[in-house]
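Here's the structure we're looking at; comments come further down.
Just so it is clear, none of the values below were taken in a lab; they were calculated from the coordinates. Note that this is a predicted model, so its numbers are computed, not measured. When we count neighbours, we look across all protein chains shown, and the Cβ atoms used for this are built from the backbone with ideal geometry, even at glycine.
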Amino acid sequence: MITKLAIAAGLATALSTAAFAQADLSGKVIGFSQIGSESGWRAAETSVTRSEAEARGVDLKFADAQQKQENQIKAIRGFIAQGVDAILMAPVVATGWDDVLAEAKEAEIPVVLLDRGIDAPEDLYLTSVASDQVLEGRVAGEWLVNEVGDEDCSVVELQGTVGSSPAINRKQGFEEGIASASNIKITQSQTGDFTRSKGKEVMEAFLKSSNGGADICAVYAHNDDMAVGAIQAIKDAGLKPGTDIKVVSIDGVPDIFTAIAAGEANATVELTPNMAGPALDALAAYWADGTEPEKFIITESKLYTAENDPQGEYDRRKGLGY
Ligand code: AHR
């Protein structure tokens, strides 16, 4: 449902903060309910959010939910009690937000969703800045279809956090991407919770139950951190990641570009960590003259492979707080 709504809203290009003079939001206090620090991408989003807020003079109140929805709900209630001017929130899962968002609405505090969608009435938040996560999965799936041609290919899938919008949508998108290829099948699929350690652990189990990995043609991970964990598991099993088992994932973190440059990963779909720039620009316009932003501000999803200067891409990202 989240994705259908996003598509229905059209592909509003994310505002590039570089392209516009940044509004001065001095005096504004904004609460940021972050999920945690499960991945390199998440760490970069936190760091970019802090610097985008600072660049506009925002007093940012940061709350780390350590991957728990109950902590996020508590933090949002705390922000409401403090009377913040707005709330940014990256929702860990898609459901269960109606009550707390209704409380924020009642207090007339605009809420902006970052990087994940929710299954709740749209009038409970001002806008959502996120990628088209179904598209991300589809891009990854279509890459694999082109890569393997007519060869039979058994894919193992490392899913993100259960109940989160990227896990739901990236799964759906990948399945759509490979739907035209009857030679490609997902043979095992399990959550690795978006973390490197669980990605490795689950991949070890997949390898054991697949003839030591001989029966696996590719791993599709819902984020790069799980792919990096899987790469380690593949190496530990005596196989060559990127060659014996292809690796495709999502995020575009520096470590995956290092792996692509070394031939140990094959492709990644980039997710920008700068969700806060467009979010703060939307809030600035809203406060300036009541401009209602697009309900869904969709960021770009670009595929990178060994042909796209992986070392250069690593260098461009390494200072961003990953
Ligand atoms: O919601 C975005 C996802 O969350 C990123 O792909 C992943 O790395 C993070 O944990």
- Message: Please report the net charge: other residues with Cβ closer than 10 Å to the Cβ of ASP309, K and R +1, D and E -1.
- Response: -2
- Message: Net charge within 12 Å of ALA285 by Cβ-Cβ distance, Lys/Arg positive one each and Asp/Glu negative one each, not counting ALA285 itself?
- Response: -4
- Query: In nanometres, what is the gap between the two model label sites at ASP150 and GLU292, each 7 Å from Cα along Cα-to-Cβ?
  - Reply: 5.5
- Message: To test your reading of the geometry: what angle, between 0 and 90 degrees and rounded to tens, separates the Cα axis of helix 224-236 from the longest principal axis of the chain?
- Response: 20
- Task: First check a/c for region 150-238, with a ≥ b ≥ c the square roots of the eigenvalues of its C-alpha gyration tensor; if it is under 1.5, answer rounded, and if not, answer prolate when a/b is larger than b/c or oblate otherwise.
- Result: oblate
- Note on the structure: Scoring only Lys, Arg, Asp and Glu (+1, +1, -1, -1) among other residues with Cβ under 12 Å from the Cβ of VAL139 yields -3
- Message: When 1/r is averaged over all different Cα pairs and the result inverted, which Kirkwood radius in Å belongs to region 35-115?
- Response: 13.2
- Once Rh for the chain is found with the Kirkwood sum over Cα pairs, what is the Stokes-Einstein diffusion coefficient at 25 °C and 0.890 mPa s, in µm²/s? 123
- Distribution of pairwise C-alpha distances over region 48-176, 10 Å bins, in %: 11, 36, 28, 16, 7, 2
- Message: Over the chain, what is the relative contact order in percent, taking alpha-carbon pairs closer than 8 angstrom and at least six residues apart?
- Response: 21
- Query: To the nearest 10 degrees, how steep is helix 276-289 against the longest Cα principal axis of the chain, on a 0 to 90 scale?
  - Reply: 30
- Task: Could you name the lysines whose alpha carbon sits less than 29 Å from that of LYS105, not counting residues in the same chain fewer than 8 places away?
- Result: LYS4, LYS28, LYS61, LYS68, LYS74, LYS295
- Roughly how many whole Å is it from the C-alpha centroid of region 213-242 to that of region 275-310? 32
